[in-house]
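Q: The structure's right below; bear with me while I get my questions together.
The values are calculated or read from the model by the stated rules, or taken from the named source; none is laboratory data. Given the structure is predicted, the values throughout are model-derived calculations rather than measurements. For neighbour counting, all protein chains shown are included, and Cβ atoms are generated from backbone atoms with ideal geometry for every residue, glycine included. We work out accessible area using only protein heavy atoms, side chains counted, and drop any ligands, DNA or RNA first. Shrake-Rupley method; radii C 1.70, N 1.55, O 1.52, S 1.80 Å.
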Amino acid sequence: MTEPRVSSIDGKLAEEFAAPSHVDEVRERIAAFARLHAEAGRCVVLISSGGTKVPLESRTVRFLDNFSSGRRGAQSAEYFLETGYAVVFLHRHRSLYPYARTLSSINVLDALEFSGGTQEPDRVVVNPEVLPNMAKVLKKYREVTDAQLLLPIEFSTLSEYLHLLKASAQSLNAIGSKAMFYLAAAVSDFYIPVCDMPEHKIQSSNGPLQLSLKMVPKILSPLVKDWAPQAFVISFKLETDAAILLDKARRALETYRHQAVVANVLDSRRGYVVVVTPTSQHEVVLSKEDVNNQVEIEERIVTNLTAAHERFIEQQVG
Ligand code: PAZ
């Protein structure tokens with residue numbers, strides 16, 4: 001396998017984005033995870049999920065954030081695991097998590113009760129009326145964790161995300177085309193370099209705040225060209241204006257030369273996406289019946305992309 005190359009963005013990353021102290025440890029954990037699963041004949045997908053936090057002060061009180069809940073990433077992780085992939089889940093701290101996402105829309109205390117009534121308060125059980133599928137979900141979660149198929153890696157800030165993605169890509173490079181990147185995180189396009197950031201809380205007594213933000217380097221470029229050049233790479237493109245979405249998806253494919261873009265619009269993202277590749281455009285739509293049957297669009301997206309990944313691997317080998 002080829003060594004990952006150094007890119008022109010590496011210098012900028014080192015200078016302007018503070019690296020998390022555990023980045024080398026993460027690099028090694030992912031390398032070991034990739035080795036283990038490649039030896040077992042499995043593909044490994046790195047899923048990025050959730051939004052990024054952009055601090056305005058180095059002792060951060062305030063930051064810029066975005067809407068992403070991490071639902072796309074968490075749901076997709078479960079379908080990849082069902083398909084037989086091992087999953088590196090690079091997710092925003094406290095965003096939705098595979099399997100545990102079931103608990104996100106309820107107050108967990110409302111789902112628990114004393115098994116012997118309030119007279120025996122030491123035994124707590126789940127109320128099946130509040131969480132009807134809990135046993136099934138817990139069983140799947142245990143199977144996945146016992147088989148070490150899910151490697152969670154957390155980030156909060158944009159800087160952490162960028163450094164951890166780079167480290168992950170360099171580690172996954174070792175398994176070549178068996179690695180997939182499924183980049184569903186909503187990553188900020190703007191940031192304040194560490195050298196321009198005030199240390200302390202910005203004082204409102206100084207009057208209205210004017211911010212000047214720099215453009216975040218396009219990390220997809222070194223990922224595809226230098227860090228994991230044999231991997232199967234999927235980026236996501238979100239717009240609020242449907243009229244520009246597909247053009248932007250195609251432009252991204254032309255610029256970065258990766259394998260696919262999943263294009264979606266903010267308001268319809270749970271029921272409609274378009275998977276765009278250099279040679280095709282495939283609409284994935286949930287019908288009313290699908291919605292009633294609680295079909296999740298991520299199941300269809302993952303089916304489409306794992307099939308494309310299989311063809312990609314065959315082409316590389318053959
Ligand atoms: O995290 P979520 O389920 O609320 O939303 C998913 C999404 C819209 C963040 C994702 O599908 C996506 O498009 N991510 C890339 C966004 C972008 O940078 O254009």
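Q: Once amide H atoms are built 1.01 Å from N in the peptide plane, which residues 5 or more positions from Ser156, or in another chain, come under 5 Å H to H?
A: Long-range HN contacts for Ser156: His93, Tyr161.
Q: Ser8: accessible area at probe 1.4 Å, nearest 10 Å²?
A: 110 Å²
Q: Also, quick follow-up: If ligands, DNA and RNA are left out, what is the accessible area of Met215 with a 1.4 Å probe, given in Å² to the nearest 10?
A: Here the accessible area works out near 110 Å².
Q: What is the Cα centroid distance between the stretch 244-277 and the stretch 67-135, reported in whole angstrom?
A: 30 Å
Q: Could you pull out the GluC sites (Glu not before Pro) across the stretch 136-215 that fall in loop regions by DSSP (anything but H, G, I, E, B) with no more than 10 other Cβ atoms inside 10 Å?
A: The qualifying sites are Glu199.
Q: Would you please give the FRET efficiency between Glu283 and Arg251, computed as 1/(1 + (r/R0)^6) with r the Cβ-Cβ distance and R0 = 22 Å, to the nearest 0.05?
A: So, using R0 = 22 Å, E works out to roughly 0.70.
Q: About its Cα centre, what dipole magnitude does the chain give when the only charges are +1 on Lys and Arg Cβ and -1 on Asp and Glu Cβ, stated in debye to the nearest 20?
A: Roughly 480 debye for the chain.
Q: Students sometimes get this wrong: rank Asp146, Asp267 by accessible area, probe 1.4 Å, all chains present, largest first.
A: Descending accessible area places them as Asp267, Asp146.
Q: Quick one: length gained pulling Val124 to Leu266 fully straight, 0.36 nm per residue minus the C-alpha distance?
A: Contour length minus Cα-Cα distance gives 47.1 nm.
Q: Would you mind working out the magnitude of the charge dipole of the stretch 238-318 relative to its Cα centre, with +1 at each Lys and Arg C-beta and -1 at each Asp and Glu C-beta, to the nearest 20 Debye?
A: Here the stretch 238-318 has a charge dipole of around 240 debye.
Q: What whole number of Å gives the distance from the Cα centroid of the stretch 140-157 to the Cα centroid of the stretch 1-34?
A: So the separation of the two Cα centres works out to 21 Å.
Q: For the stretch 271-277, what does the Karplus curve 6.51 cos²θ - 1.76 cosθ + 1.60, with θ = phi - 60°, yield as ³J(HN,Hα) per residue in whole Hz, taken in order and with x for Gly and Pro?
A: Calculated HN-Hα couplings, in order: x, 7, 9, 10, 8, 9, 10 Hz.
Q: Here's something else I'd like to know. Which longest uninterrupted range of the chain lacks any trypsin sites (Lys or Arg not before Pro) assigned by DSSP to a loop state (not H, G, I, E or B) and surrounded by at most 12 other Cβ atoms within 10 Å?
A: For trypsin sites (Lys or Arg not before Pro) (loop position, at most 12 other Cβ atoms within 10 Å), the longest site-free span of the chain is 202-318.
Q: Right, something else. As a test of the formula, what do you get for the chain when each DSSP H run with n ≥ 4 contributes -39,500 (n - 2.57) and the sum is divided by the residue count, at 222 nm and rounded to the nearest 500 deg cm²/dmol?
A: Value at 222 nm, helices only: -10500 deg cm²/dmol.
Q: Among Thr240, Gly73, Pro132, flag the residue with its Cα farthest along the positive direction of the charge dipole of the chain, charges on Cβ as +1 for Lys/Arg and -1 for Asp/Glu.
A: The residue sitting most towards the positive pole is Thr240.
Q: Taking a probe of 1.4 Å, how large is the accessible area per residue of the stretch 238-318, in Å²?
A: Each residue of the stretch 238-318 exposes 60 Å² on average to a 1.4 Å probe.
Q: Connecting C-alpha atoms closer than 10 Å in a GNM of the chain, tell me which of Glu113, Glu254, Glu82 has the biggest fluctuation.
A: The residue with the greatest mean-square fluctuation here is Glu113.
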